[in-house]
């Protein structure tokens, strides 16, 4: 039983408070992810969501597993100088 308690304390890398701080740092009004979630979804969700997310992140670390859906990204190029040609590589 004592070994289980020790392994649980080592296992917990992300606390609910860590997740809450990370959510509070998200910028609002940004475009949605590939699954249509935005920062506002997490910011205004019930406080229990932070506990569930911390459990999810800790389980992913414990099992060395990251679902494919979490690795999908969308890269949007941002034009630096709108007066120049948008086809120029350095723009």
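Any read-out appearing in this document is the output of simple, stated calculations on the displayed coordinates, not a laboratory observation. Worth saying up front: this structure is predicted, and the values here are computed from it rather than measured. No Cβ is skipped: glycine too gets one built from the backbone with ideal geometry, and neighbour counts run over all protein chains shown.
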Which of 55, 71 comes first, and how do the rest follow, when ranked by fewest Cβ neighbours within 10 Å? 71, 55
Grab the Cα-Cα distance for residue 70 and residue 84, subtract it from 0.36 nm times how many residues apart they are, and report the gain in nm with one decimal. 1.5 nm
Subtract the Cα-Cα distance of residue 13 and residue 40 from 0.36 nm times their separation in residues, and report this length gain in nm to one decimal. 7.3 nm
